[in-house]
Amino acid sequence: MTLKTHKSPLEDIEQIKRIDKSTMLQFSTKAPKHYREAVRLAEKIVLDYEKPVNIIVAGMGGSAIGGELLKDYARSQAPVPIEVNKDYQLPAYAGQRTFVLVVSYSGDTEESLSAFLDAQRRKCMVYCVSSGGTLLEFAEKLNVPHLRVPAGMPPRAASPYLLVPQLVLLEKMGLVSGVSEGLNEALKLLEKVSRENAPEKHEEFNPAKSLASGINGSVPVVYGFGIYRGVAQRWKQQFNENAKVPAKWEVFPELNHNEIVGWEKAGALAKRFSTVFLRDKSEPAEVRSRIEITRALMQAGGSKQFEVWTQGKSALAKMLSTILVGDFVSVYLAVLRGVDPTPVQTIVTLKHKLGETGIREKIIRELEKLKPIRS
Ligand code: PA5
């Protein structure tokens, strides 16, 4: 009798191609190239605004995550607060000295168009990043400075093009530093991460495949800290949209004040989750002890635990390379689950149904009434 050995779908390139029909994996593989192109594109940015007293990044989903990363990166440097606005209206404090970055990959997202309208009405200093759509149409009509990024990608795959300009803008305004150096290091590290996690690399030597196999069958919960707050959020979003699984993210130290109790009596429920701890060789001592104590306390609960040790020296290299690892993990998880990572049908259906409510058209009619604020 011969035993049948089943090859993992992750080791069968043809099988990967059959599942990953629209080649989401290629976006991960090509991320270093896209970051490089984004850096070149961002060199074109000229900005003529005075220093703001606060900054708002307005966007949703795959277009908002860059704002979260910007906020984490700038937190230890920027003398002004940064808020990511994921809603129709801007916060009450937004005014003429607020710098509003409206980021929408499609340029057609209802909430982002509404935030743009709100920012224009409040005479904020606005800058738009988009591949086109209604947003850039009105940015052009209203003389609002903007950057047009390459079209034709899923928004979450366009994050290099959506994030880099935001970093460059803040550096040009003198609010953060180290962006060029960080990106230079990141570009090299991203190449390395891309090679280490490439589809041709066997699971045994491929950290992303190995983590995807470990997580498969459970709900991933990603724990970040400090500069990895937005990174944890991005991992969660990629699990949702690529692997089509529910997922969750939390951040230290806050999770020590609520989340950990949730595992206390989770019983059999805990076994349905996998916790992924983002770790950094140079994590601060207070974070290290928290993570280790938390891991030990949670062990009793019985959820699967994984650690992902980040790479790199500069904050940007660390953040971007960890994002790329998560992108690969989510695509490999999709392959293991036999789902095409690219389509996000529920978002499409939702947007279609919302389109029938006429709210977007109303926002556009209001935009049509605006006159340029600046010449
Ligand atoms: O990943 C996605 O497709 C979504 O999260 C979108 O980014 C979100 O719906 C907003 O659309 P856009 O990025 O085009 O503004």
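The values are calculated or read from the model by the stated rules, or taken from the named source; none is laboratory data. The model shown is predicted, which means the values in this text are computed figures rather than measured ones. With ideal geometry, Cβ positions are generated from the backbone for all residues, glycine too; neighbour counts draw on all protein chains shown.
Would you tally the residues in the stretch 328-375 being modelled with pLDDT of 95 or more, among the small types (Gly, Ala, Ser) and within 15 Å of the ligand (Cβ to nearest atom)?
Total meeting the criteria: 2.
Within 18 Å of ILE373 (Cα to Cα), touching a residue at least 60 places away in the same chain (Cβ under 8 Å) and within 16 Å of the ligand (Cβ to nearest atom) - does that describe any residue in the stretch 49-65? Give the derivation first.
The first filter runs over the stretch 49-65 and keeps only residues within 18 Å of ILE373 (Cα to Cα), leaving 49-52.
Going one step further and asking which of them are touching a residue at least 60 places away in the same chain (Cβ under 8 Å), we end up with 49-52.
Now narrow it down to the ones that are within 16 Å of the ligand (Cβ to nearest atom): none.
Checking the stretch 49-65: not a single residue is within 18 Å of ILE373 (Cα to Cα), touching a residue at least 60 places away in the same chain (Cβ under 8 Å) and within 16 Å of the ligand (Cβ to nearest atom).
Would you check if there is a residue in the stretch 174-184 being surrounded by fewer than 24 Cβ atoms within 10 Å (Cβ to Cβ), over 20 Å from THR29 (Cβ atoms), in contact with a helix residue (DSSP H, G or I) (Cβ under 6 Å, 6 or more places away or on another chain) and of a type in the set (Gly, Ala, Ser)?
Checked against the condition, which is being surrounded by fewer than 24 Cβ atoms within 10 Å (Cβ to Cβ), over 20 Å from THR29 (Cβ atoms), in contact with a helix residue (DSSP H, G or I) (Cβ under 6 Å, 6 or more places away or on another chain) and of a type in the set (Gly, Ala, Ser), the stretch 174-184 yields at least one hit.
Cβ-Cβ under 6 Å, sequence separation 6+ or interchain: first residue in the stretch 296-311 and on the phi > 0 side of the Ramachandran plot, partner at pLDDT below 95 and outside any loop (DSSP other than H, G, I, E, B). Which pairs?
Close Cβ pairs satisfying both conditions: GLY302/ALA270; GLY302/LYS271.
Filter the stretch 239-256 for residues that are more than 16 Å from the ligand (Cβ to nearest atom) and outside any helix (DSSP H, G or I) and give the result.
Residues of the stretch 239-256 that are more than 16 Å from the ligand (Cβ to nearest atom), as a first pass: 248, 250-256.
Once the filter is applied, which keeps residues that are more than 16 Å from the ligand (Cβ to nearest atom) and outside any helix (DSSP H, G or I), the stretch 239-256 yields LYS248, GLU250, VAL251, PHE252, PRO253.
Quick one: in the stretch 322-375, which of the residues that are touching a Ser or Thr at 6+ places or on another chain (Cβ under 7 Å) and not in a loop (DSSP other than H, G, I, E, B) is surrounded by the fewest Cβ atoms within 10 Å (Cβ to Cβ)?
Restricting to residues being touching a Ser or Thr at 6+ places or on another chain (Cβ under 7 Å) and not in a loop (DSSP other than H, G, I, E, B), the top hit is ILE364.
Need pairs with beta-carbon distance below 6 Å; first residue over 22 Å from LYS172 (Cβ atoms) and within the stretch 71-100, second of a type in the set (Ser, Thr, Tyr) and crowded, with 16+ Cβ neighbours inside 10 Å; sequence gap 6+ or separate chains.
TYR88/SER114
State which residue is surrounded by the most Cβ atoms within 10 Å (Cβ to Cβ) when the search covers only the stretch 293-310 and only residues that are within 17 Å of ASN197 (Cα to Cα) and touching an Asp or Glu at 6+ places or on another chain (Cβ under 9 Å).
Looking at residues that are within 17 Å of ASN197 (Cα to Cα) and touching an Asp or Glu at 6+ places or on another chain (Cβ under 9 Å), I get THR310.
More than 16 Å from the ligand (Cβ to nearest atom), part of a helix (DSSP H, G or I) and within 30 Å of GLN345 (Cα to Cα): which single residue out of TYR228, TYR223, TYR161 fits that description? Working first, answer last.
Values: TYR223 fails: part of a helix (DSSP H, G or I); TYR161 fails: more than 16 Å from the ligand (Cβ to nearest atom).
Result: TYR228 is the single residue among TYR228, TYR223, TYR161 that is more than 16 Å from the ligand (Cβ to nearest atom), part of a helix (DSSP H, G or I) and within 30 Å of GLN345 (Cα to Cα).
Looking at (1) within 17 Å of GLN26 (Cβ to Cβ); (2) assigned to a strand (DSSP E or B), which one does LYS201 not meet, given that it meets all the others?
(2)
Just checking, which of TYR105, TYR93, TYR73 is out of contact with any strand residue (DSSP E or B) (no Cβ under 6 Å at 6 or more places or on another chain), crowded, with 22+ Cβ neighbours inside 10 Å and either of a type in the set (S, T, N, Q) or over 23 Å from LYS362 (Cα atoms) (or both)? Break it down stepwise before answering.
On the way: TYR105 fails: either of a type in the set (S, T, N, Q) or over 23 Å from LYS362 (Cα atoms) (or both); TYR93 fails: crowded, with 22+ Cβ neighbours inside 10 Å.
Only one candidate qualifies: TYR73.
Considering (1) crowded, with 17+ Cβ neighbours inside 10 Å; (2) in contact with a helix residue (DSSP H, G or I) (Cβ under 6 Å, 6 or more places away or on another chain); (3) in a loop (DSSP other than H, G, I, E, B), say which one SER63 fails and leave the rest.
(3)
Being modelled with pLDDT of 95 or more and part of a strand (DSSP E or B), is that true of even one residue in the stretch 257-266?
No, the stretch 257-266 contains no residue that is modelled with pLDDT of 95 or more and part of a strand (DSSP E or B).
Restricting attention to the stretch 209-228, which residues are within 15 Å of the chain's Cα centre (by Cα) and either surrounded by fewer than 22 Cβ atoms within 10 Å (Cβ to Cβ) or β-branched (Val, Ile, Thr) (or both)?
Scanning the stretch 209-228 gives VAL222, ILE227.
Could you give every pair whose Cβ atoms fall below 7 Å, whose first residue belongs to the stretch 189-210 and is farther than 20 Å from ALA317 by Cα, and whose second residue is of a type in the set (Ser, Thr, Tyr) and buried (at least 17 other Cβ atoms within 10 Å of the Cβ), counting only separations of at least 6 or pairs across chains?
Taking only residues 6 or more apart or on different chains, the pairs are GLU203/SER210; GLU203/SER213; LYS209/TYR332.
If you take the residues of the stretch 101-128 that are in a helix (DSSP H, G or I) and within 13 Å of the ligand (Cβ to nearest atom), which of them is farthest from LEU175 (Cα to Cα)?
Step one: filter the stretch 101-128 for residues in a helix (DSSP H, G or I), giving 110-121.
From what is left, the residues that are within 13 Å of the ligand (Cβ to nearest atom) are 110-116.
Values: GLU110: 30, GLU111: 27, SER112: 24, LEU113: 26, SER114: 27, ALA115: 23, PHE116: 23 Å.
Step by step, filter the stretch 101-128, then rank; the result is GLU110.
Which of (1) buried (at least 22 other Cβ atoms within 10 Å of the Cβ); (2) over 17 Å from the mean Cα position of the chain (by Cα); (3) within 16 Å of the ligand (Cβ to nearest atom) is the odd one out, the single condition GLY133 does not satisfy?
With respect to (1) buried (at least 22 other Cβ atoms within 10 Å of the Cβ); (2) over 17 Å from the mean Cα position of the chain (by Cα); (3) within 16 Å of the ligand (Cβ to nearest atom), GLY133 is out only on (1).
Kindly indicate which of LEU69, LEU90, LEU142 is touching a helix residue (DSSP H, G or I) at 6+ places or on another chain (Cβ under 6 Å), away from the ligand (no atom under 14 Å from the Cβ) and more than 22 Å from VAL231 (Cα to Cα).
Details: LEU69 fails: more than 22 Å from VAL231 (Cα to Cα); LEU142 fails: touching a helix residue (DSSP H, G or I) at 6+ places or on another chain (Cβ under 6 Å).
None of the others qualify; the one that does is LEU90.
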